[in-house]
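Below is one structure, written out as structure tokens; comments come after it.
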């Protein structure tokens, strides 16, 4: 008995090019990662706690002190984009912990032998981490509306905010994956993640203008991607507020850093399986 020959491709069918194949593999990985979220509603609910505390407690108290000059924009309005960026960054920076769990379960070996490129694996996981951060955006918008923050609610601004949230969070998710590939241990990763989270937050414009920082910290803030994420969100979210660098510049910086981190992560990802 002879084995059946594989069916011929339909007429006019062409093998997808490398760019189309990369995009398809990336979206497949992203979709698979997002499906995991449906089975963990507790994690989704817990993400609401931190931004609500910052806006409803810290922001309300500090706004009454009038200790931080924010020009014509009320402090609580000024703070809202920083809270969104910080909460998205906080969840993304620990994304690598799930990757280490995958290594322990043997899933990384299976991914590495798949035909998908290493870059598409890293980018797909990073974009999934970015898309999950949209939960924070919904929570912050709901809380901001409840307390009377002057938000831009036109569809174009909301769509641009969603883009910046996904892009910035994907950047920090890729950074987290790079850290996971280097430390390769849940305990060490948790320590490094906790060490980086708050310095990144405080060395940005999330809760105070960069101009108020000492000169050395202004240099750090300029090199901090979170500064550009906050700057873009502030210009897009808040009525009467503008981006210091320009939203186009902010998005370009975030995109370039994401590309660099994906390239580094693609080179390091096989180490995770060793």
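A short reminder: the numbers here are calculations on the coordinates, not readings from a lab. The model shown is predicted, which means the values in this text are computed figures rather than measured ones. Cβ atoms come from the backbone with ideal geometry, glycine included; neighbour counts cover every protein chain shown.
With neighbour counts taken as other beta-carbon atoms within 10 Å, the residues 33, 187 rank, fewest first, as 187, 33. Computed from Cα atoms, the angle from the helix 134-146 axis to the main principal axis of the chain rounds to 20 degrees.
Between helix 247-268 and the chain there is an angle of about 40 degrees, using the helix long axis and the longest principal axis of the Cα atoms.
Which whole-number percentage describes the relative contact order of the chain, with Cα contacts under 8 Å and a sequence gap of 6 or more? Could you put the intermediate results ahead of the total?
On the way: 352 pairs, mean separation 70.2, N = 274.
In percent, rounded to a whole number, it is 26.
Fewest Cβ neighbours within 10 Å first, please rank 211, 25 accordingly. Write down the numbers at each step before the final one.
Values: 211 9, 25 19.
The fewest-first ordering by Cβ neighbours comes to 211, 25.
Per-residue ellipticity at 222 nm, computed for the chain from helices alone with -39500 (n - 2.57) per DSSP H run of at least four residues, works out to -22000 deg cm²/dmol.
Based on C-alpha pairs under 8 angstrom that are at least 6 apart in sequence, region 227-268 has a relative contact order of 35 percent. With neighbours defined as other Cβ atoms within 10 Å of a residue's Cβ, the residues 198, 237, 213 order from fewest to most as 198, 213, 237. Taking 0.36 nm per residue of sequence separation and subtracting the Cα-Cα distance, how much length would be gained by fully extending the chain between residue 31 and residue 242, in nm to one decimal? Residue separation times 0.36 nm, minus the Cα-Cα distance, leaves 72.5 nm. Site pair residue 156 and residue 73 shows an inter-label distance of 1.9 nm when each label is modelled 7 Å from Cα along Cα→Cβ.
When percent of Cα pairs over 24 Å apart is computed from the coordinates, the matching label among (1) 52; (2) 59; (3) 46 is (1). Where does helix 75-93 land angle-wise versus the long Cα axis of the chain, in degrees 0 to 90, nearest 10? Its long axis makes an angle of about 30 degrees. Here the spin labels are modelled as points 7 Å beyond Cα on the Cα-Cβ line, and at residue 198 and residue 19 they lie 4.6 nm apart. Once C-alpha pairs closer than 8 Å and six or more residues apart are averaged by separation and normalised to the residue number of region 53-206, the relative contact order reads 36 percent. Taking 7 Å steps out from each Cα toward its Cβ at residue 101 and residue 252 produces label points 3.9 nm apart.
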